[in-house]
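Read through the structure below, which is laid out as structure tokens, and then see the notes.
No lab work stands behind these numbers, since they all come straight from the coordinates. Bear in mind that the values here come from a model prediction, so they are computed numbers and not experimental data. Here Cβ is always computed from backbone atoms with ideal geometry, including for glycine, and neighbour counts include all displayed protein chains.
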Amino acid sequence: MNTILFQSANVLDVASLQLKAGQDVWVENGLIKSVVPHQTDVFIASGTKVVKAEGKTLMPGLIDCHVHVIAAHLNLNVTANQPNVFATLRALPIMKGMLMRGFTTVRDAGGGDWNLAEATRTDMVVGPRIFASGRALSQTGGHGDGRPRSDVIEPCGCSSRVGALARVVDGVDNVRLAVREEIMKGANQIKIMASGGVASPNDPIHYLGYSEAEIRAIVEEAEHAGTYVMAHAYTPKAIHRAVAFGVRSIEHGNLIDEATSLFLAEKNAFVVPTLITYEALANEGASLGLPAVSVAKIETVRSQGQKALEILAKAGVTMALGTDLLGESHRHQSEELRIRAGILGNGAALQQATLNAAELLNMSGQLGVVKEGAIADLLLVNGNPLVDISCLLGQGDHIEVIVKDGKFYKQ
């Protein structure tokens with residue numbers, strides 16, 4: 001039996017946004033057994049790992065709902081065309097970095113697959129728990145189609161490369177097959193491109209991705225498999241039609257308006273803003289190899305991103321934390337908390353990275369909380385993030401202990 005006792009910790013209740021002082025948290029075999037007031041005379045069996053936690057914050061592991069663990073370069077064409085072994089090896093430090101920043105769970109939004117998820121689950125490599133999307137689905141010329149303009153459109157090799165974040169597929173029957181293939185290969189949810197994007201060459205932001213029939217077919221196939229669809233979308237029109245056709249989670253959403261936000265709230269859809277990636281792309285993109293055509297697109301969505309956060313919050317839309325960082329910019333992951341805390345407050349930012357994110361993953365009560373019966377994903381933090389979010393920033397400098405599935409990854 002693997003037993004851990006966090007002794008006399010200040011436990012962060014992310015639902016009430018309160019610290020419960022002086023709590024003993026018992027962990028057995030990967031699960032939280034109990035959370036009780038500190039007891040000085042309690043029996044501690046031999047072999048129990050005791051962590052002295054007095055004066056420190058014990059909180060749930062963070063969840064990032066939009067990452068690309070395979071994206072080792074800002075230029076996604078470089079990522080997609082590198083040898084498969086290089087793509088895999090370059091993902092290893094990216095995944096380890098995420099865990100060391102306190103992100104014990106991530107949802108990969110394209111590229112990461114069952115193989116990487118299984119590798120971290122079994123401790124073959126160090127990294128977070130991964131909810132993988134496999135290859136994102138893109139129409140020809142959409143956000144996932146990295147082929148350059150040419151006299152002849154060559155067949156897309158995006159389904160055969162480990163470094164490819166997306167696959168190009170068109171037509172109702174073909175998208176049905178693509179969903180079934182991604183599910184068979186182990187995808188936890190399905191990602192589609194529902195509008196133009198920044199890091200792709202031929203699709204302006206206002207472009208719409210996929211027809212109504214195609215999106216509805218994708219949603220139906222995902223639902224048959226007991227899961228859901230997440231959609232890359234920026235504009236109100238792209239967002240509205242995706243949710244109207246059954247999409248559950250909107251990624252980015254920078255250009256959303258009030259009317260569309262109210263529609264999303266009515267439909268109980270989620271939005272995963274990813275503000276830090278636009279800051280990183282604007283500041284570092286050109287110097288790190290982002291193509292000029294993508295650099296020119298950044299300001300279109302960057303300037304509206306923070307305003308979108310306010311619009312979504314006012315409408316009562318449930319938001320989860322996401323980052324969408326690429327290449328060398330992965331190190332900025334925790335800065336998403338800083339941006340959100342500055343706009344919505346520390347509490348809201350923490351809930352989006354724990355409670356809300358767990359709900360989106362259909363893991364409510366199992367992830368994102370410190371309570372009896374939950375999976376033991378825990379951070380022991382030197383500081384109080386309700387008061388000062390900076391104790392969670394950087395590269396996990398103030399996180400003294402990281403536990404995932406009841407196992408220590410940092411002590």
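Amide H contacts of Val51: Leu5, Phe6, Gln7, each under 5 Å away and 5 or more positions distant or on a separate chain (H built 1.01 Å from N in the peptide plane; Pro and chain starts excluded).
Our note on the geometry: Cα centres of region 227-277 and region 370-406, 29 Å apart.
Label sites at Glu118 and Ser16, each approximated as a point 7 angstrom past Cα along Cα to Cβ, lie 4.3 nm apart. Backbone geometry of region 143-149 corresponds, through the Karplus equation with coefficients 6.51, -1.76 and 1.60 at θ = phi - 60°, to 3J(HN,Hα) couplings of 5, x, 9, x, 5, x, 4 Hz, x marking Gly and Pro.
A simple charge model with +1 on the Cβ of Lys and Arg, -1 on the Cβ of Asp and Glu and nothing else charged puts the dipole of region 62-333 at about 400 debye relative to its Cα centre. Computed from the mean reciprocal separation of all distinct C-alpha pairs, what Kirkwood hydrodynamic radius does region 62-333 have, in Å? Taking the inverse mean of 1/r over all distinct Cα pairs, region 62-333 comes out at 18.2 Å.
Anyone know which of Ser329, Ser150, Ser133 comes out most mobile in the 10 Å Cα GNM of the chain? Comparing Ser329, Ser150, Ser133 in the GNM, the peak value goes to Ser150.
With the helix formula -39500 (n - 2.57) applied to DSSP H stretches of n ≥ 4, the chain reaches a computed 222 nm mean residue ellipticity of -9500 deg cm²/dmol. Look at the dipole of the chain built from charges on Cβ: of Thr57, Pro236, Ile343, the Cα furthest out on the positive end belongs to Thr57. Packing, as the average of other Cβ atoms within 10 Å across residues, places the peptides 168-180, 331-343 in the order 331-343, 168-180, highest first. Extension gain for Val50-Glu154 works out to 31.4 nm (0.36 nm per residue, less the C-alpha to C-alpha distance).
Taking Ala308, Ala72, Ala194 as the candidate residues, the one with maximal mean-square fluctuation in a Gaussian network model of the chain, Cα springs under 10 Å, is Ala308. All alpha carbon pair distances within region 221-359 were sorted into 5 Å bins beginning at 0; the resulting P(r) in whole percents reads 2, 10, 20, 22, 20, 14, 9, 3, 0.
With the gyration tensor restricted to C-alpha atoms of region 43-132, the semi-axes of the equivalent ellipsoid amount to 32, 14, 11 Å, longest first.
Rounded to whole numbers, the Karplus 3J(HN,Hα) couplings from phi for region 237-247 are 5, 5, 5, 4, 5, 4, 5, 4, 8, x, 5 Hz, using 6.51 cos²θ - 1.76 cosθ + 1.60 with θ = phi - 60°, and x at Gly and Pro. Remark: spin-label model distance Lys410-Glu28 equals 2.9 nm, labels positioned 7 Å along the Cα→Cβ axis.
With the simple model of a label 7 Å out from the Cα in the direction of the Cβ, Asn362 to Lys307 spans 3.7 nm.
Proximity of backbone amide H atoms, modeled 1.01 Å from N, is registered between Val370 and Val14 at under 5 Å, excluding neighbours fewer than 5 places apart on the same chain.
Between Tyr228 and Ile190, the built amide H atoms are under 5 Å apart, and every one of these is 5 or more places off in sequence or on another chain. Each peptide among 31-43, 52-64, 208-220 gets the average number of other Cβ atoms lying within 10 Å of its residues, and from highest to lowest they stand as 52-64, 208-220, 31-43. Over region 62-333, what relative contact order in percent results from Cα pairs under 8 Å that are six or more residues apart? Value for region 62-333: 19 percent.
Against the main long axis of the alpha-carbon atoms of the chain, helix 172-184 sits at an angle near 30°. Give me the percent of DSSP beta bridges within the chain that run antiparallel, rounded to the nearest 5. In the chain, approximately 45 percent of DSSP beta bridges are antiparallel ones.
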